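Chemist: What follows is a structure written as structure tokens; I'll ask about it next.
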Amino acid sequence: MKSYEMDMCTGSLWKKIMVFSVPLMFSNILQIVFNISDVAVVGKFAGPIALGAVGSTSILITLSTGILLGLSSGVSALTALYIGAKDQNSVKKTVHTSALLLAFSGVAIMVLGILFAGGILSAMRTKDELIGGAVRYFRIYLLGTPALAMFNFGNAVLSAAGDTKRPLYYLTFAGVVNVLLNLFFVIVGKMGVSGVAIASIISQYISAVLVLRLLLHSNEVFALRVEDLHMDREKLRRILRIGVPSALQYALFAIANLFVQTSVNYFDHVMVEGNSAAANADPLVYDMMAAFYTACTSFIAQNMGAKQRERILKSYFICLLYSFALGLFLGVGIYGMRFLFLSLFTSERAVVDAGIRRLSVMALSYSVSAFMDCSIAASRGLGRTIVPMLLVTAGSTVFRLIWIGTVFAHYRTIESLYLLYVFSWIITGIAEMVYFAKIVRGVRFAG
């Protein structure tokens, strides 16, 4: 019988990190295909107003999914630690506690998001002609949040064990279904933003059911059993100690970007729509780079459990190099294909030109984020998340608000707004690297 798991504590790290990360890259890309296909289909077949409406919700979707990803990072790090330490009882307790935690979190986000969607989008100064469609799209999309939570739970557990292939298979199937349903609901059903939102949640439930079915039928130590579902207080505490600061970090990024989106909304609707189209490059680049961050956390956590200090450091530097090179390659590549890329989302030349203004700034900026995010992931693998979260708050959240109130307020150009990303990444990246260097020197292995 084929084994999908990976021993991260022996063998070539260069090879194993790449083998681990490549399926995860495609898994991450397929998750964002749900939203990108929404934007592409409505932009091409329902018009620029629908495009702006869906694009206006991107920050809120990032906020809701980021919270779930943060909690899942705690699941992945702790599960990997116990797998490396060969502590089967702790793996079992962590998996079942995590399942309940993520299920509750998914439902809570769905309910709160539906209740407050209108007020938040209004506070973001969403254009009058866009807000109706934006609220409708976001509320329908949120109905899939419980499924998204459970898929991220399953994906975190499997990634901790080194299995990144089967989640990719499931997302490939769900992604194809999503695109086909988008085209059907919008072109045939004339359902506009509602149609693409419904297509997304159907796809999310498909991927969640598939990954949960795998865990329920697995014979591995990380298998899920309904009769074993209960909250272990100690494991819950440890998951939350890693996951909550990580979730807050995602949330703080999203909140800071809410202010960026609000600043974009000061420009005319063409600039808003161009920003919405070009911003689809962000998750494409970030989520592919994020595969190496997940690898960094998992490899460091497993080797922490196995008490292999040298492999901890080597894992960090390899993941940092891989993620920097990938960010540079993708950023420059997307800019090189800027007209083709933006034409996926709009046929309006003015909107394309507005989108190019964002891509021209971001192309060389994406790779810089690797120094910040890889260092955060490495600290998470060592079980440290509070200080990295505080550093992100200062360097990437507070700094961005200061930038908007000073540099952008002075120049009032869209380029001066976009430049805040690279400067905040540089500042935060330096701080995160210094912190990781400090804690890795004094690390004490778990018994």
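The values are calculated or read from the model by the stated rules, or taken from the named source; none is laboratory data. Note that this is a predicted model, so its numbers are computed, not measured. Cβ sites come from the backbone with ideal geometry, for glycine too, and all protein chains shown count toward neighbours. SASA here: full protein model, heavy atoms, side chains in, ligands and nucleic acids out. Shrake-Rupley method; radii C 1.70, N 1.55, O 1.52, S 1.80 Å.
Chemist: Once the principal axes of the Cα atoms of segment 227-378 are found, what is the range along each, listed largest first in whole angstroms?
Modeler: On the principal axes, segment 227-378 reaches 56, 33, 29 Å in Cα extent.
Chemist: Counting each DSSP H run of 4 or more residues in the chain as -39500 (n - 2.57), what helix-only mean residue ellipticity at 222 nm follows after dividing by all residues, to the nearest 500 deg cm²/dmol? Please report the intermediate quantities before stating the final value.
Modeler: Numbers: 19 runs with 347 residues, N = 447.
The helix contribution divided over the chain gives -26500 deg cm²/dmol.
Chemist: Connecting C-alpha atoms closer than 10 Å in a GNM of the chain, tell me which of S90, S246, S98 has the biggest fluctuation.
Modeler: S90
Chemist: Counting other Cβ atoms within 10 Å, which trypsin sites (Lys or Arg not before Pro) in segment 223-284 have at most 15 and lie in a DSSP loop?
Modeler: Qualifying residues, ordered by number: R225.
Chemist: What is the percent of Cα-Cα separations in the chain that go past 32 Å?
Modeler: 34 percent
Chemist: Output the DSSP H helices from the chain with an along-axis C-alpha extent of no less than 24 Å and a mean Kyte-Doolittle hydropathy no less than -1.0.
Modeler: Flagged H segments are 13-45, 58-84, 88-123, 165-183, 192-217, 233-264, 281-305, 309-336, 420-441.
Chemist: Normalising by the residue count of segment 51-141, find the relative contact order in percent from Cα pairs under 8 Å and 6+ residues apart.
Modeler: Relative contact order of segment 51-141: 47 percent.
Chemist: Normalised by the number of residues in the chain, what is the relative contact order in percent for Cα pairs under 8 Å and 6+ residues apart? Walk me through the numbers before you get to the answer.
Modeler: Working: 736 pairs, mean separation 106.4, N = 447.
Reported relative contact order: 24 percent.
Chemist: How about segment 291-372: which trypsin sites (Lys or Arg not before Pro) there lie in a loop by DSSP and see at most 16 other Cβ atoms within 10 Å? Before the final figure, lay out each step's value.
Modeler: On the way: sites: K307, R309, R311, K314, R338, R349, R357, R358; in loops: K307.
Answer in residue order: K307.
Chemist: In Å and from the alpha-carbon atoms only, list the Rg and Dmax of segment 121-250.
Modeler: 18.1, 54
Chemist: Assuming 1.002 mPa s and 20 °C, estimate D for segment 229-291 with Stokes-Einstein, Rh taken as the Kirkwood radius over Cα pairs, in µm²/s.
Modeler: 147 µm²/s
Chemist: Another one. So in the chain, which Cys have no other cysteine's beta-carbon sitting under 4.7 angstrom from theirs?
Modeler: So, C9, C374.
Chemist: Shifting gears a bit: Sequence gap at least 6, Cα distance under 8 Å: using those rules, report the relative contact order of segment 154-222 to the nearest whole percent.
Modeler: On the way: 42 pairs, mean separation 24.7, N = 69.
Contact order relative to length: 36 percent.
Chemist: Carbon and sulfur: what percent of the chain's accessible surface (1.4 Å probe)?
Modeler: Working: 12010 of 17580 Å².
Carbon-and-sulfur percentage of accessible area, whole number: 68.
Chemist: Rounded to two decimals, what is Rg over Rh for segment 306-447 when you use alpha-carbon atoms and the Kirkwood radius?
Modeler: Result for segment 306-447 is an Rg/Rh of 1.08.
Chemist: Using only the Cα atoms, work out Rg/Rh for segment 389-447, with Rh taken as the Kirkwood radius, to two decimals.
Modeler: Dividing the radius of gyration by the Kirkwood radius yields 1.22.
Chemist: Still on this model: Take the Cα atoms of segment 1-148, build their convex hull, and give its volume per residue in Å³. All intermediate terms of the calculation are to be shown ahead of the outcome.
Modeler: On the way: hull volume 21.9 nm³, N = 148.
Per residue, the Cα convex hull of segment 1-148 comes to 148 Å³.
Chemist: Using every alpha carbon pair in segment 360-415, what percent of pairs falls into each 5 Å bin from 0 up to the bin containing the largest distance?
Modeler: 4, 16, 17, 21, 19, 11, 7, 4, 1
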